[in-house]
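For reference, the structure is listed below as structure tokens.
The values are calculated or read from the model by the stated rules, or taken from the named source; none is laboratory data. Please read these numbers as outputs of a predicted model, since none were measured by experiment. FYI the Cβ positions are ideal-geometry reconstructions off the backbone, even for glycines, and counts take in every protein chain you see.
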Amino acid sequence: SPSDPDLVERARAAKEKLGDKVFVLGHHYQRDEVIQFADVTGDSFKLARDAAARPQAEYIVFCGVHFMAESADILTGDDQKVVLPDLAAGCSMADMATAEQVAECWDVLTEAGVAEQVVPVSYMNSSADIKAFTGRHGGTICTSSNARRALDWAFEQGEKVLFLPDQHLGRNTAVRDMGMSLEDCVVYNPHKPNGGLTADELRAAKMILWRGHCSVHGRFSLDSVNDVRERIPGVNVLVHPECRHEVVAAADHVGSTEYIIKTLEAAPAGSKWAIGTELNLVRRLANRFAPEGKEIVFLDKTVCFCSTMNRIDLPHLVWALESLAEGNLVNRIEVDKETEAFAKLALERMLALP
Ligand code: 13P
Ligand code: SF4
């Protein structure tokens, strides 16, 4: 929907008043009305790096979800303040692994006698507590654009990986990219005693996958892939690795949001694409590339927006920018010092991956 001209003008004026004091980051899943005010856009890896590369900005306004704002706070200086325009913009996947559950899991691994061989690898889509757990236990963070490199690194440090919290990214990377078998992976269910696994199963596994998933990407199905191939002959199916394994296995290309954009930029005129990722991004890409004769459709019409990404809308952004311009620091995201120290260790291991 076109943005309200009054709000557009107010956002522009507040941003101008703040000048270099503010830097606005926008994840690719954000609404168009918000993206138009982003100083940079990116996937979660690029945004984490960009936040750290802007030490002169006193305020980082993060248009994305809570874990991204936390990561930005961890990676930026103490005098930089990270602001999330709506505090209710969380991530259901990140919420699927709590600090208590993960501590309990580590106890289970210890009891089974495998903890010493396990290196935790946590997806960026996790709370600062989970990142700190990862740092404490010698592990690294990964995003969908470097999961393969993170796992290669982890298997140089130990024999097993505990992958948190997205089972699909973990399984897809291990099986599709690294040639492991489905039997090398087990799923740890935090709602069952001992994760629902026996000590023998834990000893035999290479990948211990946390039972978490994305509520948006998890809804694309093998049927959606088959249907679109029937409907649009010659279509290329391109999906995010948060999709389920059978969807990824049936797709032609798999990658992060940044990869999806680059692939479409390089695609020839006349090519046809079905994209399995968040709808704001797919619509924006469809509109952007239509004049070049690239046909881009959403992989499954029954899947909807990421509701938490969508909480950041123009009224929230205007409110945050105007408050900052008037000297009121609102909706600051601040990770406590101890958590930050260990989470930073894990994030820096990621940033140092080859
Ligand atoms: P990327 O931007 O890293 O591809 O991840 C997408 C995502 O689901 C963020 O929530
Ligand atoms: Fe979380 Fe999925 Fe939304 Fe990304 S798309 S923020 S993983 S719920």
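Summary of computed values
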item: Any chance Asn194 is at positive phi and touching a residue at least 12 places away in the same chain (Cβ under 8 Å); result: yes
item: Residue under evaluation Ser224, criteria (1) buried (at least 19 other Cβ atoms within 10 Å of the Cβ); (2) within 16 Å of ligand 2 (Cβ to nearest atom); (3) hydroxyl-bearing (Ser, Thr, Tyr), criterion not met; result: (2)
item: Identity of the residue in segment 69-84, in contact with a helix residue (DSSP H, G or I) (Cβ under 6 Å, 6 or more places away or on another chain) and in a helix (DSSP H, G or I), that ends up farthest from Val330 (Cα to Cα); result: Leu75
item: Residue in segment 124-134 that is over 21 Å from Asn189 (Cβ atoms), among the charged types (D, E, K, R) and surrounded by fewer than 24 Cβ atoms within 10 Å (Cβ to Cβ) present; result: no
item: Segment 325-339, subset closer than 21 Å to Leu18 by Cα and not in a loop (DSSP other than H, G, I, E, B), residue nearest to the chain's Cα centre (by Cα); result: Ile333
item: All helices (runs of 4 or more DSSP H) inside segment 95-196 with 1 or more residues being within 20 Å of Glu338 (Cβ to Cβ); result: 99-111, 128-136
item: Residue that is nearest to the chain's Cα centre (by Cα), among those in segment 205-222 that are within 16 Å of ligand 1 (Cβ to nearest atom) and outside any helix (DSSP H, G or I); result: Cys214
item: Breaking point among (1) assigned by TED's automatic domain parsing to the domain that holds Leu279; (2) within 23 Å of Gly42 (Cα to Cα); (3) away from ligand 2 (no atom under 15 Å from the Cβ), for His245; result: (2)
item: Residue within segment 223-244 that is away from ligand 1 (no atom under 16 Å from the Cβ), part of a helix (DSSP H, G or I) and among the β-branched types (Val, Ile, Thr) present; result: yes
item: Test set (1) surrounded by 15 or more Cβ atoms within 10 Å (Cβ to Cβ); (2) over 19 Å from the mean Cα position of the chain (by Cα) - Met350 fails condition number; result: (2)
item: Close pairs (8 angstrom Cβ cut-off, 6 or more residues apart or separate chains): within 17 Å of Asn310 (Cβ to Cβ) in segment 32-48, away from ligand 2 (no atom under 16 Å from the Cβ) and among the small types (Gly, Ala, Ser) anywhere; result: Asp32/Ser3; Glu33/Ser1; Glu33/Ser3; Gln36/Ser3; Phe37/Ala11
item: Hey, Ile60 outside any loop (DSSP other than H, G, I, E, B), outside the structural domain of Lys206 (by TED's automatic domain parsing) and buried (at least 24 other Cβ atoms within 10 Å of the Cβ) or not; result: yes
item: Residues being in a helix (DSSP H, G or I) and away from ligand 1 (no atom under 16 Å from the Cβ) - total across segment 266-282; result: 1
item: Subset of segment 291-311 that is outside any loop (DSSP other than H, G, I, E, B) and of a type outside the set (A, V, I, L, M, F, W, C) - its residue that is nearest to the chain's Cα centre (by Cα); result: Asn310
